[in-house]
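The structure appears below as structure tokens.
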Amino acid sequence: MLKVYEFHWKAKNRFQQLQKGKALACHRTELERRLLAKGYSQIRIQRNFRFVTQASSESITQVIKQLALLLNAAVPLKQALNMLLENTYHIRIYMWLNDLNRLIESGYTMSSSLTKLNLYLAKSEIQLVRIGEQSGRLGEILQNIAVNRYQTEKLHKKIKKIMFYPVVTLIISVALSLAMLLFIVPQFIELYSGREKPLPLITQMLFTLSLFLQHSLLQVTIVSLLAVGFFRFFAKKYRFLTAIKNGVLSALPIFNKIVENVRIVFFSQNLGLMLKAHIRLETALNTFLATQSQDLRLQKEIENILAQLKQGYRFSESINASVFGTQVVQMLAIGEQSGNVAQMCSYIGELYRQQLDDQIELLSQLLEPILMLIIGLIIGTVLIGLYLPIFDLGGLVGGG
């Protein structure tokens, strides 16, 4: 595998002015050769040691957008890729672009090269690139892909933002509960140790849990960390774990509508993009299956749609209203009747994206008081369990 390193360099240009910068290269001599070709002299190069990070989706979108701009400006593909190579400072992206350029120079088309590398772009996006090559509209298609990816990434950021509050609340709740069980509850255990009358059930449960954690905190911590690590690692490889997570979110009243709308936006947005590129409906739907989406319900629904289409049903008749909603089915039926399914899919994606933005905004306003209430209930339950025997003793004294 090609190894790429980051270097800092200093040199003098043709006017004997000192210049400096950073660049990626496989070795010093390659970078020195490139700088000499640009007319630099008295070159000093120093390697910069850094960790190699994975390329983010946003970085790939930016590369696609830049490539689209160059192609739309009538820059040849190979020259455009070389320009991107010279101006990228992310090692993973540099390696990807370099491999892409090498394959294209050896005779592969861009879509074939992307398929061979199988990195960063979805199957549906590669299919669009292939259509762009065949139609001579590669720059336009890449621009559409970049816009679509940007909108999707923006949506995912908003969803991650609202998911941040429950995670923080969970961490705070667990931390407070552990602190009370490990430091406060033991003092009450000593206080009630000489009590002959049975303690209330909630107090007994708190004491039992406190004693268990005092003796097994290390084991519980290790098991919890391993469980979280196991889920995060294997969720990337096994889709059923992600499907379980999505299923749990769908079952929660506060999140189920958002999950449904995300599904509609993803499906309609990508389908509209492919249909606008004149990809056949069946081919476009099969592309969804090839992408191995983490939404297993969507995958199953697309399989059902394809089966219905083979039996001669219209597209709108094949769609399950319980998955996409009656409004989507009706709008697609109108699109079929007018011969503008692609345009209607794009309109549906835009409409539901706006609805999703409103839902996320509303949810972000509701979550804070709800989560504060949950924390209050947890602390209140612990306090009631601890002080309930004291009230009971007070009653006995008063009665005596």
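Reported count of residues in the stretch 126-136, each being free of Cβ contacts under 8 Å to residues at least 24 places away in the same chain and either under 12 Å from Ala277 (Cβ atoms) or part of a helix (DSSP H, G or I) (or both), is 4.
Here Lys158 does not fit the description of being surrounded by fewer than 15 Cβ atoms within 10 Å (Cβ to Cβ) and not in a loop (DSSP other than H, G, I, E, B). Of all residues in the stretch 335-362, exactly one satisfies the criterion of being closer than 20 Å to Lys160 by Cα and of a type in the set (Phe, Trp, Tyr), namely Tyr352. Scanning the stretch 1-39 for residues that are at pLDDT 85 or above, touching a Leu at 6+ places or on another chain (Cβ under 7 Å) and of a type outside the set (Lys, Arg) returns Phe7, Trp9, Ala11. Of all positions in the stretch 189-197, at least one carries a residue that is touching a residue at least 12 places away in the same chain (Cβ under 8 Å), in the same structural domain as Ile360 (by TED's automatic domain parsing) and loosely packed, with under 11 Cβ neighbours inside 10 Å. Suppose the filter is surrounded by fewer than 17 Cβ atoms within 10 Å (Cβ to Cβ), closer than 21 Å to Ile141 by Cβ and in contact with an Asp or Glu (Cβ under 6 Å, 6 or more places away or on another chain); does Ser57 pass it? Considered against the rule, which asks whether it is surrounded by fewer than 17 Cβ atoms within 10 Å (Cβ to Cβ), closer than 21 Å to Ile141 by Cβ and in contact with an Asp or Glu (Cβ under 6 Å, 6 or more places away or on another chain), Ser57 comes out as yes.
Inclusion of Tyr352 among residues that are surrounded by 15 or more Cβ atoms within 10 Å (Cβ to Cβ) and either in the same structural domain as Leu199 (by TED's automatic domain parsing) or part of a helix (DSSP H, G or I) (or both) is warranted.
Of the candidates Tyr150, Tyr238, the single residue that is at pLDDT 90 or above and among the aromatic types (Phe, Trp, Tyr) is Tyr150. Tell me yes or no: at least one residue of the stretch 47-57 is modelled with pLDDT of 85 or more, out of contact with any Phe, Trp or Tyr (no Cβ under 8 Å at 6 or more places or on another chain) and among the aromatic types (Phe, Trp, Tyr). Checking the stretch 47-57: not a single residue is modelled with pLDDT of 85 or more, out of contact with any Phe, Trp or Tyr (no Cβ under 8 Å at 6 or more places or on another chain) and among the aromatic types (Phe, Trp, Tyr). Summed over the stretch 98-120, residues that are buried (at least 20 other Cβ atoms within 10 Å of the Cβ) and among the aliphatic types (A, V, I, L, M) total 3.
For the criterion of being within 17 Å of Thr61 (Cα to Cα), of a type in the set (A, V, I, L, M, F, W, C) and assigned by TED's automatic domain parsing to the domain that holds Asn72, Ile91 passes. Going through (1) in contact (Cβ under 8 Å) with a residue 40 or more places away in the chain; (2) under 25 Å from the mean Cα position of the chain (by Cα); (3) more than 30 Å from Phe49 (Cβ to Cβ); (4) buried (at least 16 other Cβ atoms within 10 Å of the Cβ) one by one, Glu153 falls short only on (4).
Would you confirm whether or not the stretch 19-35 contains a residue that is in a loop (DSSP other than H, G, I, E, B), in contact (Cβ under 8 Å) with a residue 24 or more places away in the chain and basic (Lys, Arg)?
The answer is no; no qualifying residue exists.
The values are calculated or read from the model by the stated rules, or taken from the named source; none is laboratory data. Values in this document were obtained by computation on a predicted structure and should not be read as measured data. Positions of Cβ are generated from backbone atoms using ideal geometry, with glycine treated the same way; all protein chains shown enter the neighbour counts.
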